[in-house]
Amino acid sequence: MGNLHDVLGHQQGRRLLKSLRGFSLIELIVGMAILGILTSLAIPAFSEWLRNARVRTTAESVQNGLQLARAEAVRRNSVMRFSLVTTTDASCALATAGPNWVVSIDDPAGQCDVAPSDTVAPRIVQLRSAAEGGAATTVAAGASAFIFNSLGRRTLPLPAAGNVAIDFSSTTGGTCAAAGGTVRCLRVVISVGGQIRMCDPALPAGDAQAC
């Protein structure tokens, strides 16, 4: 009986040692090779996702700024301006390429460093830097400034200009999906009536999110 216990104990000890022995060199090399292959496949996909995320972040930021300007114009029963500017300091200038924006009552050019105020020119309501989550994105707008009246209608650019678009694409490489690439470039459209809508130029006509 004692011999049986000894044999069983020996077998259990061998199984325990086998389970604790870890990886062999060959197993480790195979594991590292598989990890390397998976990483090489994942990096391009992650880079593409990051580009698309940055484009969407910038487009949503501009859309929110435009909506804020329109809402404030109606709330204050006054005109309100949304401006794309080159920087957020005293050297700022209006630019269709932005990429920063300012919501204000007066023209903010050369005064983007002024703290938000209802009395101090340019009477800034809100300012947003492109560095706040929307870096590496190209902005191409049909106008550098949009003015909304107390009815929420767009008065600048002039109504005769019809709808005005702001396009967003990536500066870190990649072609827009509408041109056969993989980057999900976006567009914000501002109508004469003041409606603000984001759309995807790559989607077919009839899609609710198509331009």
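The values are calculated or read from the model by the stated rules, or taken from the named source; none is laboratory data. Predicted, not measured: the structure shown is a model, and the values here were computed from it. Cβ: placed from backbone, ideal geometry, glycine included. Neighbour counts: every protein chain shown.
Observations on the structure shown:
- From LEU28, LEU4, LEU35, residue being assigned to a helix (DSSP H, G or I), modelled with pLDDT under 90, loosely packed, with under 10 Cβ neighbours inside 10 Å and not small (Gly, Ala, Ser): LEU4
- Residues that are of a type in the set (S, T, N, Q) and assigned to a strand (DSSP E or B) within the stretch 77-100 comprise SER83, ASN100, listed in sequence order.
- Inside the stretch 139-177, residues that are among the polar types (S, T, N, Q) and either modelled with pLDDT of 95 or more or within 27 Å of VAL74 (Cα to Cα) (or both) make up a count of 6.
- Flag if VAL103 is part of a loop (DSSP other than H, G, I, E, B), over 18 Å from the mean Cα position of the chain (by Cα) and of a type outside the set (S, T, N, Q): no
- Boolean, GLY206 is surrounded by 14 or more Cβ atoms within 10 Å (Cβ to Cβ) and either free of Cβ contacts under 8 Å to residues at least 60 places away in the same chain or closer than 16 Å to GLN63 by Cα (or both): no
- Any pair with Cβ under 9 angstrom, 6 or more apart, that starts in the stretch 143-166 at a residue that is closer than 19 Å to TRP101 by Cα and ends at one that is surrounded by 18 or more Cβ atoms within 10 Å (Cβ to Cβ) and of a type in the set (Ser, Thr, Tyr): SER144/SER83; ALA145/SER83; PHE146/SER83
- Restricting attention to the stretch 74-83 and to residues that are under 22 Å from GLY142 (Cβ atoms) and not aromatic (Phe, Trp, Tyr), the residue that is farthest from the chain's Cα centre (by Cα) turns out to be VAL79.
- Matching residues, the stretch 122-142, being small (Gly, Ala, Ser) and either assigned to a strand (DSSP E or B) or without any contact (Cβ under 8 Å) to a residue 24 or more places away in the chain (or both): ALA131, ALA140, ALA141
- Of the residues making up the stretch 84-100, those that are surrounded by fewer than 15 Cβ atoms within 10 Å (Cβ to Cβ) and either without any contact (Cβ under 8 Å) to a residue 12 or more places away in the chain or under 22 Å from the mean Cα position of the chain (by Cα) (or both) are THR96, ALA97.
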